[in-house]
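Asker: Below you'll find the structure I mean.
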């Protein structure tokens, strides 16, 4: 009888051990942006400050319908396999279990431009200053990124301060990020001071924005991944993820 009860107990223990759920293993995947937009609105105080220095906003080139509450839209250019054609190449890794988002490389390219009328009595610049060929790239700390344009051969124009990582939805293959603020960069401030601006403007907030992107898993599109091959990006993502995990521990 004792052996019979022991057999039942061992059987139950074995059954329980089989059905204990195993911990979910985190697995980051690499994705590539394919479309999207930035909806923006202008900061009145910031633009008043620029106007006092000699720059007043003319009619912007609106290239996409902005979200409600915003006044202007910049469309993200799709990926391009032709190096001579501007196109978005930014890739990122994302782990849906840990919600870890890591930009891996590449750049976002936008259609549209910002055009300023120049008070030539205050600034030694042409009567019209056009900020076109806008692009965005992430800095190594993954917290700030910057925008460059046609002024002075790709001058860094804005520092873009965000609230953190975007909200990623793998079901719809989209992400959103808000609030985002664009501030005059040190390089652009130096450019204006060299042209005669009466004071520096680095850090001046001029734009609030909301970002929206759609993406595909890398390899699902024929466009080459940024910086070369997918295995390099995947290995880099895994390395950064492990470093962050060790730091958190």
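Asker: Kindly check whether there is at least one residue in region 51-61 that is buried (at least 17 other Cβ atoms within 10 Å of the Cβ), modelled with pLDDT of 90 or more and on the phi > 0 side of the Ramachandran plot.
Answerer: Yes; the residues of region 51-61 include at least one that is buried (at least 17 other Cβ atoms within 10 Å of the Cβ), modelled with pLDDT of 90 or more and on the phi > 0 side of the Ramachandran plot.
Asker: When region 101-137 is examined, which residues are found to be within 21 Å of the chain's Cα centre (by Cα) and loosely packed, with under 15 Cβ neighbours inside 10 Å?
Answerer: 132
Asker: Out of 88, 98, which single residue is at pLDDT 90 or above, surrounded by 21 or more Cβ atoms within 10 Å (Cβ to Cβ) and either assigned to a strand (DSSP E or B) or under 20 Å from the mean Cα position of the chain (by Cα) (or both)?
Answerer: 88
Asker: Can you name the number of the only condition in (1) buried (at least 18 other Cβ atoms within 10 Å of the Cβ); (2) part of a strand (DSSP E or B); (3) modelled with pLDDT of 85 or more that residue 188 fails?
Answerer: (2)
Asker: If you don't mind, another one. Please determine whether any residue of region 23-45 is at pLDDT 90 or above and more than 21 Å from the chain's Cα centre (by Cα).
Answerer: yes
The values are calculated or read from the model by the stated rules, or taken from the named source; none is laboratory data. As the structure is a prediction and not an experimental result, all values here were calculated from the model. FYI the Cβ positions are ideal-geometry reconstructions off the backbone, even for glycines, and counts take in every protein chain you see.
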